[in-house]
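Written below as structure tokens is the structure these notes are about.
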Amino acid sequence: MGGSLLILLCFCSGLVLARLELVPHWLLQDDVVLWLLWLLMLLVGLSIGSDRRLGEILRTLRPGVLLLPLATTIGTFAGSAIAALFLSYTLAECLAVGAGFAYYSLSSVFITQYKGAELGTVALLANILRELITLLATPLLIRLLGPLAPISCGGASTMDTTLPVIARYCGREWVFISIAHAMVLDFSVPFWVMFFCSL
Amino acid sequence: MFTALGLMLTGMLLGRLLREQTWLPCLPRYISPVIMLMLFCLGVAVGGNTMLMDHLLLMGSKALLLTVGGVTGSLVCVALIRPFFHMHTSAGSASQKKSDGDETRHHREEV
């Protein structure tokens, strides 16, 4: 829990300081986050590559690993369908937003193009929130449901943005499962979003 | 996205090649501070976007409901597949945990 609170504190302090205009302008550029992400990916890669048990980890991967992206997809669609009951959007529109699986850049562009700016903005926020929830709640999710929970929660982002957090808290043996999960979801995002937008 | 993946693969290759270097095991210690910094910058990015902040309540509530729905659904499905999934990974994880358990626990306590 301490880890989640510390992460939350970092995020909130950044948000408040930016709101109060107390941060330098160059920090508002998206490039800073991108460079940090790349640094993290390099560090995670070095960490995995230097692990002498890498071969053993790779041998543990089975076709059953594909169950995880399937569960994430079914669960996300079911949850989005229930949420649609309380919203003014149609079922297909809500499923299109859910089908972003935290891949907010691509899904929001698709949805804006097919369904308009409002739903596109909601998709952007919803998918950023999903990523943020994963980043902030990973230690708590592991405690409640085990290492599969943050991977499923992270959706398509578990290959990049949320991978360092997952590697850090779940352990390096879950990194390949996390990547396999994200890759399957990643390639399915355009298909699902376009499918639901066309309904 | 593929740049990030490429960098990780490069890191893995470098890590494999430089495995014998004594300074290499110290590098993962810097992962946590960089994560904190990245979260801070994400907060700055959200807080500094006037349009996003102005419409945060209006559209944010709808987005939050959809996110909570999607995440909850995913977690329910994870709970359902957990026993079956464990059968596929337990063999490796068991031997992994045997040697890695203390280290992972130490990392969690550290944060």
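Nothing in this text is a laboratory measurement; each read-out follows from the coordinates by a stated rule. Note that the structure is predicted; figures quoted are calculated from it, not measured. Note that we place each Cβ from the backbone using ideal geometry, even for glycine, and neighbour counts take in every protein chain shown.
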#### Entry: Shape metrics for chain A, restricted to C-alpha atoms - Rg then Dmax, Å
17.6, 53
### Query
To the nearest whole number, what is the average tally of beta carbon atoms from other chains within 10 Å of the beta carbons of peptide A:153-164?
3
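By how many nm would the segment from A:F191 to A:L91 grow when fully extended, if each residue of separation counts as 0.36 nm and the alpha-carbon distance is taken off?
34.3 nm
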### Ascending count of other beta-carbon atoms within 10 Å, so fewest first, for A:C12, B:C26, B:C41, A:C94
B:C26, A:C12, B:C41, A:C94
### Task
Please arrange A:R130, B:R29, A:R19, A:R168 by counting, for each residue, the other beta carbons lying within 10 Å of its beta carbon, fewest first.
B:R29, A:R19, A:R168, A:R130
### Message
I need A:D160, A:D186 ordered by Cβ neighbour count within 10 Å, fewest first.
### Response
A:D186, A:D160
### Task
Name the shape class, rounded, prolate or oblate, that the alpha-carbon gyration tensor gives for segment B:16-74, where a ≥ b ≥ c are the square roots of its eigenvalues, rounded holds for a/c under 1.5, and otherwise prolate holds if a/b is larger than b/c and oblate otherwise.
oblate
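Counting only other chains, what is the mean number of Cβ atoms within 10 angstrom of the Cβ of each residue in peptide A:90-100?
Mean inter-chain Cβ contacts per residue within 10 Å come to 2.
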### Message
Can you tell me, using C-alpha contacts under 8 Å and at least 6 residues apart, the relative contact order of segment A:94-199 as a whole percent?
### Response
33 percent
### Task
Go through segment A:39-44 residue by residue and turn each phi into a ³J(HN,Hα) via Karplus (6.51, -1.76, 1.60, θ = phi - 60°); whole Hz please, and just put x for glycine and proline.
4, 4, 4, 5, 5, 5
